[in-house]
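Encoded as structure tokens, the structure appears first; notes follow it.
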Amino acid sequence: MLLTITNTTAPATDFGYLLHKNPARLHEADVSRGRALVFYSEAAQDRCTACLLLELNPVELVRGGEQLEDYVNDRPYVASSYMTVAMTRVFGTALAGNCQQRPELVHTKLDLSASIEVLRVRRGPVEIEELFVPLGYQVSAIPHPLDEKFPEWGPSPYHRVTISNHVTVHDLLSHLFVLLPVLDEEKHYYIGEAEVEKLLRHGEGWLATHPAKDKIVDRYLRRRSSLKRLAFERLIEEEGSTLAGADEAAESALNEERELERPLTLHTQRLNRVAEVLRDLGSKSVLDLGCGEGKLLRRLLAERSFEKIAGMDVSYRALEIASERLGLDNMPERQRARIDLFQGSLLYRDKRLSGFDAAALVEVIEHLDAPRLAALERVLFEFARPRHVVVTTPNREYNVLFPTLPAGETRHRDHRFEWTRAEFEGWANGVAARFSYEVRVEPLGPVDPAHGAPSQMAVFSFPTGATQ
Ligand code: SAH
């Protein structure tokens, strides 16, 4: 198994100080049941890549009594708890957040990407996104090439995964340290209280507010309820809130933005307008993509003309909140049959998105990295291809009118971009032309003569008379 980490922030070789590994040398360490090698595949001013190669001896694994079930298994080849143990062994100082020679580098954010060959993820790329996207990563997961060779075996759980972000080396290693075993779900050593300590130490500063924190703690501690209790008691102390604060964590992101816009109750206006447009288009079945906590879904449910409603979000926690808020568990059967919630990512082609009259993306696209919009466009306009698509996004020009927003900042820290009116229109026209839709754009909220409205909406439809 191989973990490579690339730094593209110049001078890129500073990275060597942070990892405590000289780029000019090969570093070798014995680990239980095998050995770990660290070497650099490139070390230039603009790009430096460190590789951690972990070789486990399959026979040793079986003899060691850790793999009792099968002689032949995936353990020697899949990034798992063996990899994290090796990481502590070879990158221990960096993981602890130390750097003796250049201490000032510890807090420096770099453009880093890490690739892992290979990761076993049963539920596919969505699961990787759920864990890494909230931490600001861009994620790509490519199924193992075996998938193509043996299609009759069904989709392979094995993926080549790359995550990229502007982060400190310490944060990247900590995220990997905690999340790789969460994805893999098998641990080769005994889980005791020391694991709670490790989880909290490496989760410091990010785990308490991670929307999937319940799942992370549960899986990391292998579902041992006594340990989970210990972890949660401590996590809450750190967070300075109550367990009910889990909802808050998932929502804090949204709330921050709402706070800013509150004087205008803009979000309410926006949601009402989207529901109205969807109704006026005569849509009977509607998809709410990136549905969050389900505010649009609630409005759609209230209108009898919407016969089939589905909400999708990449965040499992957001869906849980939506389900709770909408009262799905206690809903009368006929009402319940109208709505479906499911987890999924807009960046992957998905059969569940087909067959709807309309799709809405309310304040979602700006949460995706701009280069990934092309994937979303194909997923939505080429494959799912609903008759109508409604997209809303902030109008950046309006930001100067928010009294508390510092100049040049986006409305929300997770916004990857905010477009001017011209930029949004340009995008909308391009998409319409490429995928044979018609489009119109309208302002959302009170229009300022100089800066336009706070938000903007594009309504895409099949050309009049067209069926496909
Ligand atoms: N539409 C909701 C929520 C907007 S916040 C509302 O207006 O209230 C943006 C939402 O997009 C979040 O819930 C986030 O989890 C979701 N999201 C971000 N990236 C996504 C992706 N790749 N696929 C699906 N949902 C995504």
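The values are calculated or read from the model by the stated rules, or taken from the named source; none is laboratory data. Computed from a predicted structure; not experimentally measured. Neighbour counts run over all protein chains shown; Cβ positions are idealised from the backbone, glycine included. Quick note on the areas: whole protein, heavy atoms, side chains included, nothing else; ligands and nucleic acids left out. Shrake-Rupley method; radii C 1.70, N 1.55, O 1.52, S 1.80 Å.
The figures follow:
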| quantity | calculated |
| --- | --- |
| Subset of the stretch 431-447 (residues that are part of a loop (DSSP other than H, G, I, E, B) and open to solvent by 50 Å² or more (accessible area, probe 1.4 Å)) | S436, P446, V447 |
| Hits in the stretch 264-277 - residues which are touching a residue at least 24 places away in the same chain (Cβ under 8 Å) and either open to solvent by 50 Å² or more (accessible area, probe 1.4 Å) or within 13 Å of the ligand (Cβ to nearest atom) (or both) | L266, H267, Q269, R270, L271, N272, R273, V274, A275 |
| Test: residue in the stretch 420-430 that is aliphatic (A, V, I, L, M), in a strand (DSSP E or B) and within 26 Å of M312 (Cβ to Cβ) | no |
| Count - residues of the stretch 154-205 that are modelled with pLDDT of 80 or more and either in a helix (DSSP H, G or I) or not assigned by TED's automatic domain parsing to the domain that holds D14 (or both) | 26 |
| Yes/no for S115 being of a type in the set (S, T, N, Q), under 16 Å from A375 (Cβ atoms) and modelled with pLDDT of 85 or more | no |
| Candidate set from the stretch 307-344 (those that are more than 16 Å from the ligand (Cβ to nearest atom) and under 19 Å from D280 (Cβ atoms)); member that is nearest to the chain's Cα centre (by Cα) | K308 |
| Which listed residue, of F424, F381, is in contact (Cβ under 8 Å) with a residue 60 or more places away in the chain and open to solvent by less than 20 Å² (accessible area, probe 1.4 Å) | F381 |
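Conditions tested, residue by residue: (1) among the polar types (S, T, N, Q); (2) at negative phi.
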residue	(1), (2)
I365	no, yes
A370	no, yes
N395	yes, yes
G408	no, no
H415	no, yes
G426	no, yes
A453	no, yes
P463	no, yes
